[in-house]
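Comments concern the structure below.
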Amino acid sequence: MTELERNELQIMACKVRQGILDSTNAAKCGHPGGSLSAADMFTYLYQKELRVDPANPKWEERDRFVLSKGHTAPGLYAALALRGFFPVEDLLTLRRVDSYLQGHPNMNTVPGVDMSTGSLGQGVSCAVGMALGLKLQGKTSRVYTLLGDGEIQEGQVWEACMAAAHYKLDNLCIIVDNNGLQIDGNVADVMSPYPIVEKLEAFGLHTIAIDGHDFDSIEAAMNEAKTVKHKPTAIVMHTVKGKGISFMENQAGWHGKATNPEEYAQACAELKAALAELEGK
């Protein structure tokens, strides 16, 4: 990755974070913490990795993405809007009764959403089915799915991993956002999922651990995943919940609440300063 490419991705990630902040603030509710921790991955997927066409969201040859941790829809929506699937201004309608952008992704109303999700553990299972279906059809499309580290406390996740390995789904990439926090606190205290990498390996997945905020690491992992044959790949990305907003970072309380006017102003100022620095490079 060139320095220019890295800088462009960092700028776009900053804009994704602004979209997350704007939408949850407008809605006065939502899930900013886990959306912010995954913002760099959302950015890389939609700006560089996924083979998609915003003008034709249902293109048969597209890659698929399933947001298994569906409550972080604000991050997905921001990435989709900035990729051109729908107007960025529509982010401000998040969770309104008459909006197509609800609190969890709906494949029937949101352009670019491949699976409706929300109940934790189910998205990854759908992704496994998609990957198997594409294999059976002889298609080269790939399937990506993003899970939370609290989500992997669900038994259905491990059934899905077992099935993915059994069917040798090398067109499937399972991404775990390991920010260490869930709605009730530290994941290690609530119901420890550790050691995550070793467990995924034991279930037959080729597993890569990365810094989820480093675009070079993300790119290297994605490129490695595409070389793996006869088994699915899991990417465990170490992240910071609330990344990019100082008072939200590593705070479980920001799992599911929106900013008040003072907090919103401070967060916007921080993102504006970060964006100005990146654009000045």
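Quick note: the coordinates plus some simple rules give every number you see, no bench work behind them. Treat the numbers as computed from the prediction; the structure is a model and nothing was measured. Virtual Cβ from ideal backbone geometry, glycine too; neighbours counted across all protein chains shown.
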Quiz item: Rounded to the nearest 500, what is the chain's calculated 222 nm mean residue ellipticity when only DSSP H runs of at least 4 contribute -39500 (n - 2.57) each, over all residues?
Solution: -13000 deg cm²/dmol
Quiz item: Let a ≥ b ≥ c be the square roots of the eigenvalues of the Cα gyration tensor of the range 203-281; is it rounded (a/c under 1.5), or, if not, prolate (a/b larger than b/c) or oblate?
Solution: oblate
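How much length would be gained if the chain were fully extended between Asp98 and Lys281, taking 0.36 nm per residue of separation minus their Cα-Cα distance, in nm to one decimal? Each step should come with its number before you reach the end.
On the way: separation 183, 0.36 × 183 = 65.88 nm, distance 4.11 nm.
That works out to 61.8 nm of additional length.
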Self-check item: Options Val16, Phe203, Tyr44, ranked by Cα towards positive dipole end of the chain, top entry (Cβ charges)
Solution: Phe203
Practice problem: Kindly rank 258-266, 145-153 from highest to lowest mean number of other beta carbons found within 10 Å of each residue. | Solution: 145-153, 258-266
Practice problem: Name the long-range amide H neighbours of Ala234: under 5 Å, sequence gap of 5 or more, or other chain; modelled H, no Pro or chain starts. | Solution: Ile174, His206, Thr207, Ile208
Quiz item: Cβ under 13 Å from Thr2's Cβ, Thr2 left aside: what net charge do those residues give with Lys, Arg +1 and Asp, Glu -1?
Solution: -2
Quiz prompt | For the range 3-279: relative contact order, % (alpha-carbon pairs under 8 angstrom, 6 or more apart) | solution = 24
Quiz item: Would you list Leu91, Leu50, Leu172 from fewest to most Cβ contacts within 10 Å?
Solution: Leu50, Leu91, Leu172
Exercise. Using the number of other C-beta atoms within 10 angstrom as an exposure proxy, rank Ser35, Ser23 with the fewest first.
Key: Ser23, Ser35
Quiz prompt | Placed amide H near Gln182: partners under 5 Å, 5+ positions off or other chain | solution = Val187
Quiz item: How do 159-170, 8-19 rank on mean C-beta neighbours within 10 Å, highest first?
Solution: 8-19, 159-170
